[in-house]
Each structure stands twice: as C-alpha cells, then as structure tokens.
1. Compute the Cα gyration tensor for the stretch 1-80, then decide on rounded, prolate or oblate, letting a ≥ b ≥ c be the square roots of its eigenvalues: rounded whenever a/c is under 1.5, prolate when a/b is larger than b/c in the other cases, and oblate in all that remain.
2. Normalise the Cα radius of gyration of the stretch 108-258 by 2.2 N^0.38 Å (N = residues in it) and let me know the number.
3. Using the Cα atoms of the stretch 253-363, I'd like the radius of gyration and the largest Cα-Cα distance, Dmax, both in angstrom.
4. Take every DSSP beta bridge with both residues inside the chain and express the antiparallel ones as a percent of the total, to the nearest 5.
5. In square nanometres, what is one fourth of the surface area of the convex hull spanned by the alpha carbons of the stretch 445-494?
6. Once you compute Rg and the Kirkwood Rh from C-alpha atoms, what is the Rg to Rh ratio for the stretch 544-614?
7. Pull up all non-local amide H partners of residue 300: gap of 5 or more, or a different chain, and H-to-H distance under 5 Å with H placed in the peptide plane.
8. Excluding residues on the same chain fewer than 8 positions from residue 597, give the lysines whose Cα lies under 20 Å from its Cα.
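The values are calculated or read from the model by the stated rules, or taken from the named source; none is laboratory data. Note that the structure is a prediction, hence the values are computed from the model and not measured. Ideal geometry is used to build each Cβ from the backbone, glycine not excepted, and the neighbour counts take in all protein chains shown. Quick note on the areas: whole protein, heavy atoms, side chains included, nothing else; ligands and nucleic acids left out. Shrake-Rupley method; radii C 1.70, N 1.55, O 1.52, S 1.80 Å.
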Amino acid sequence: MCGIVGYIGKQQAYPILIKGLKRLEYRGYDSAGVALINDSSSLNVYKTKGRVKNLEEACAEKDTSGSVGIAHTRWATHGEPSAVNAHPHYSQSKNLAIIHNGIIENYSDLKSRLQEKGIEFRSDTDTEVIVQFIEYVQTRKNLDLLTAVSIVLHELIGAYAIAILDRRHPDTIIAARKQSPLVIGIGDDEFFLGSDASPIVEYTNRVVYLEDGNIAVIKRGEDLKIVDIHNIEMSPEVKTVDFNLGQIEKGGYAHFMLKEIFEQPDCLSNCMRGRINTECDRVTLNAVIDFKDRLVNAKRFIIVGCGTSWHAGLIGKQVIETLCRIPVEVEYASEFRYRNPVVGEGDVVIALSQSGETADTLAAVELAKSKGAFIYGICNAIGASIPRVTHTGSYIHVGPEIGVASTKAFTGQVTVLTMLALAVAKERKTITDEEYISIVKELNAIPDKMREVLKLNDTIANLSRLFTYAHNFLYLGRGFGYPVALEGALKLKEISYIHAEGYPAAEMKHGPIALIDSDMPVVVIAPRNAMYEKVLSNIQEVKARHGRVIALVSKGDESIRKCADVVIELPDTLECLEPLIYTIPLQMLAYHVAVCKGKDVDQPRNLAKSVTVE
Ligand code: G6P
C-alpha cells in the first residue's frame with residue numbers, strides 16, 4: 001500500500017527519493033510523486049499515474065534540484081488513480097506540500113467546511129484536506145507550521161502517516177503518525193524518512209520508529225525533535241535495524257517471489273535457530289517461558305489475521321487443538337473487530353501478520369486488549385505496529401518479504417505456530433515424550449525436505465504451461481490439506497488473475513462439483529495420511545466428470561498415479577507438518593502460471609503488500 005520516502009541533508013534529494021520509491025514498489029501502488037525545494041526556495045511537485053519509472057520520465061526535463069524532498073507511491077482509496085490524485089498535494093498557496101498514508105474518515109465534513117471558507121480543491125483525495133486545513137489554520141491564526149499541524153491533527157479522525165514541506169522553511173520536514181507506520185533514519189548531518197526501513201537501510205541502520213500520536217520536526221543541522229500531540233517534547237528512542245540491502249534485492253532471481261520461494265529452507269532454519277535445540281530435541285520460545293501461566297492456562301486461543309496469515313491461522317488451529325487440547329478459533333480480523341466478539345480474560349489472542357501493520361489486524365488486537373485478553377503477536381517486520389502493542393510474541397525471522405503474494409512468511413508463521421503448540425503442549429502434558437520428540441526432530445528436518453521439493457521447480461514450470469488456458473481452478477484438501485488448498489488457490493488468483501477456489505475435498509459434492517468438466521483443473525492435496533482413501537474417492541469423482549486432476553502425493557504413490565492427469569511426488573513427513581511441504585509446489589505452480597501468462601508477479605494489479613487501510 002502507499003509508500004513514503006523523505007530526505008533532508010547535504011546530498012541531492014531526488015536520486016535518494018526515487019531509489020527509495022523503488023524500494024517501496026513491492027507494497028503495491030498505482031501512481032507516484034515527488035516534491036522538492038530548490039535553492040531558490042521553489043517548491044516543485046511532480047506526479048504521474050503508473051510506475052516510478054513513469055515519474056522519472058516525467059521528471060527528466062524538470063528541475064529536480066534541492067537537498068530536501070518528500071516522495072510517495074499511492075494506492076488509491078479516495079479518488080481514482082491519476083496524476084491529479086497522486087501525492088504530494090499542494091496547499092492553496094502552494095507554499096506547503098504533503099504526502100500521506102492512511103485514510104481520513106471525516107475528510108468529507110472537513111472538506112465542506114473548508115470549501116465554505118472559499119478554499120478550492122484540486123483533487124478528490126482525503127489527503128488534500130489535511131494540507132488545505134493546515135494552511136488555513138496557519139494563515140488565519142498566524143501560527144508556525146508545527147502548531148498548525150498539531151491543531152489540525154486533533155481534528156482528524158482516521159489513520160495517517162504524513163510528511164510536510166514548507167517552501168518558506170527549506171530546512172525542515174514535519175512528519176507525524178497515527179496508526180500508519182513512519183520510520184526516521186538518522187545519518188551524518190542528514191535524515192531519511194520511510195514508511196518502512198527499506199528505503200533507509202542503505203544509508204544508515206540507526207532509526208527511530210515514530211510512535212502513535214507523535215510529531216517529528218526533522219531539521220537540517222539539528223537533533224531530531226519529537227513532540228506528542230500536546231506539544232510535550234519526547235526523547236527519541238534510536239534503534240538499530242539489522243537487515244541489509246542483499247535481503248531486499250533480487251539476488252539473481254527473475255522475481256522477488258521466486259527468490260522468496262527458494263529462500264524458504266534457510267528462512268525456516270533462521271526461524272527455528274535458538275528455539276529448537278537439536279541436542280536435546282526441545283523447543284524453547286521465550287514468550288512461553290516469560291508468560292507461561294497465561295499461555296499454558298489459556299481458556300481458548302483466538303487467532304486473528306487476514307489473507308495468507310489467516311490461512312496460516314487455520315493450520316495453527318489444527319496443530320494447537322491436536323497437541324494442546326485447547327479450543328482455538330480463527331477469525332478474519334476485519335470481521336472480529338466489528339462484531340462485538342465475546343472475548344476477555346483467560347483468552348489468548350494470537351495476531352498473525354507478516355507486515356505487522358495490517359489495519360484490521362491491528363484494530364482487532366486493540367479491541368481484544370481493551371476487553372482484557374492476553375495478546376501474542378506472530379509477525380515478521382521487526383518493530384512494526386502490531387509487535388509493539390502486543391503483550392508478547394515471537395517474530396518469524398524470515399527476512400523482508402517483498403513479493404506481494406506471501407510465501408516465506410506463510411511457512412514461517414506455520415513454523416512458529418507449531419513451535420508454540422509444542423512448547424505449550426509440553427507444559428500442559430497433553431503430548432507424550434515420544435510424540436514431542438518426533439515432531440521436534442521432524443520440524444528440524446523440514447528445511448532439507450523443502451530443498452528436495454524445490455528441485456521440482458523445472459518440472460512444475462513445464463506443467464504450468466499446460467494450464468494457462470484455464471479460467472477456473474479448484475483446489476481440494478482435507479484436514480491439514482484444506483488450508484493448504486485455500487492458500488494454493490489464493491496464490492494462483494493473486495498473481496495470475498485466474499479464478500481459483502479452495503475447498504475441503506468432501507464439500508465438493510455440495511456445490512463445486514457442478515463446475516467440473518474437461519476444462520477444469522482440480523489440484524488435490526493427497527498425502528498418504530489418515531484421509532488418503534477418502535481423498536482418493538474425491539479424485540475418482542472428479543475424473544468421472546472429466547476434470548483434469550493435478551495431484552500432490554507422497555513419494556511412491558501408485559494408486560493416484562493411475563487416475564490423476566499429473567502427479568507431483570513429495571517427501572513424507574508427519575501429518576501436522578505436511579502444510580510446510582505441500583504449500584511449496586502450489587507456490588511454484590501459481591508463480592509459473594503467472595509468468596507464462598505474462599503477469600506482473602511481484603506487483604499484481606490492485607493488490608498491496610501492506611494493507612494499512614481497512
Ligand atoms: C495483503 C497481502 C497478503 C497478506 C495480507 C495480510 O492482502 O497482499 O499477502 O497475506 O495482506 O497481511 P499481513 O502483513 O497482515 O500478514
């Protein structure tokens with residue numbers, strides 16, 4: 001979703017801003033823009049619909065000089081994607097320019113009030129209201145910019161991360177946040193601004209995560225000043241970010257998504273490092289040590305998340321219920337937050353989020369917290385909003401995920417949920433020692449088994465070509481295979497734009513079977529486990545209607561080979577760990593179908609990596 005970059009210092013700002021926007025492209029966007037103050041104090045704003053490269057083309061002949069600037073990639077919410085609606089937005093006099101992530105819910109009311117005062121708007125955005133309002137307050141009351149910003153922020157309902165330039169004060173950027181993240185990088189006599197750390201890390205690893213409700217005055221030649229909304233000065237907490245540039249570049253792969261699929265064995269090793277002790281086959285999660293009573297005596301777990309994270313939650317439910325014998329509910333965060341859920345003390349709410357910024361998940365956390373639940377975060381982005389508001393949590397440690405379609409974060413989430421279930425089950429004594437040791441050992445063996453699966457990449461690339469004709473796909477699975485089917489279908493639809501649905505295999509008879517004909521590819525997750533015979537019958541039912549079956553099976557399976565059109569053999573593992581193996585070929589299938597169809601795999605249309613609006 002929208003991305004923010006800013007720079008003030010001794011270098012030319014424009015190249016830094018453009019590079020920063022490119023680093024944020026993964027978030028998904030539809031237009032881009034930049035504002036710069038040059039040496040003669042002109043505030044130049046350039047913006048275009050489309051990609052950052054379109055913006056660069058548009059700026060080629062323009063004055064892009066200046067050592068202070070802000071830039072933005074927009075993902076449309078209010079007003080269609082267009083150059084006019086792209087950020088930055090000028091104020092009426094063009095003395096101020098603003099960029100904004102988030103949504104201002106009362107913008108329409110504020111806009112009418114400003115229009116009544118004679119202010120003319122150039123765009124359809126909620127963002128323009130902020131800058132027009134700030135200027136109105138500033139000029140009417142003859143205030144300095146910081147005071148005007150602070151007054152206006154009190155009036156805004158909604159979420160924002162903003163950065164503002166004032167032509168008359170070229171030494172300052174003012175930035176503020178509420179619910180949308182903002183990071184300030186501290187260099188040598190220079191500052192960087194980002195909606196996450198990725199545009200900043202190549203210049204400095206010293207960052208300040210702006211807290212909710214705070215305003216930063218970023219002034220050349222001075223220390224960073226942070227005030228809260230009541231203008232009380234706060235001391236900035238400088239943190240060190242520990243991801244490097246290599247982690248956010250493609251490293252020889254055609255797409256970030258492919259790189260991230262291939263990184264999964266190493267990511268899972270990182271995720272388990274220090275948590276699984278191979279010598280004594282034990283899982284140690286700090287959160288379970290620090291908050292043992294809360295977690296082990298939980299009445300119930302409620303897992304909240306969106307998209308792929310929600311699918312990981314469905315797997316978590318099965319692992320936790322199986323091993324810990326504690327009831328688990330899995331909820332879409334967007335539904336949970338608005339339906340006055342019965343939740344309170346004794347409940348543990350697990351917030352699953354790769355980005356740690358998803359607006360609905362964050363709101364679900366705040367709601368559950370206000371009702372007395374204990375909140376456990378499972379996130380990837382270090383220092384993001386969700387991990388900062390939870391009581392405890394475990395990072396998945398899979399490194400920055402850039403491809404919009406989530407891959408390694410999914411397997412990382414499933415791994416952490418499994419470790420959590422093992423650690424809690426051990427304390428509750430709901431698992432035998434043998435079972436515990438066998439799952440720990442097998443979890444530890446998963447990265448190598450994943451490497452084996454990744455060797456199928458060329459085979460899957462070839463078979464993907466056979467299925468690009470399809471307009472619909474069905475994915476079927478049972479037990480642990482059902483969320484895998486959902487996730488496989490989501491991957492395909494996200495990046496190839498082929499309609500795909502995941503179903504519990506037995507439910508096929510209650511509807512989807514009507515769709516099956518000789519054009520319909522049906523992907524079946526069919527490992528040799530307790531449900532094997534039942535799934536085999538489902539495959540027969542599909543074949544009887546001439547559907548084209550792509551079956552994911554255990555190594556050496558002969559029965560399914562006889563009836564399926566395509567068979568992909570996968571290494572054996574324990575049933576509860578099958579999602580970690582069976583998801584990989586589905587990620588590769590979606591990737592190769594999308595590549596064959598010429599789609600933009602890393603930045604699929606209309607999607608955003610980090611959904612910071614509800
Ligand atoms: C967006 C992304 C998905 C992701 C979902 C939840 O829709 O495109 O890949 O699964 O948000 O994101 P989160 O960061 O909370 O896991």
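1. Prolate.
2. Cα Rg divided by the expected 2.2 N^0.38 Å: 1.20.
3. Radius of gyration, then largest Cα-Cα span, for the stretch 253-363: 16.1, 48 Å.
4. Details: 60 of 101 bridges.
So the antiparallel bridges in the chain amount to around 60 percent.
5. Quarter of the Cα hull surface area: 4.4 nm².
6. Using Cα coordinates only, the ratio equals 1.10.
7. When sequence neighbours closer than 5 places are left aside, the close amide H contacts are 348.
8. Straight-distance partners of residue 597: 259, 491, 493.
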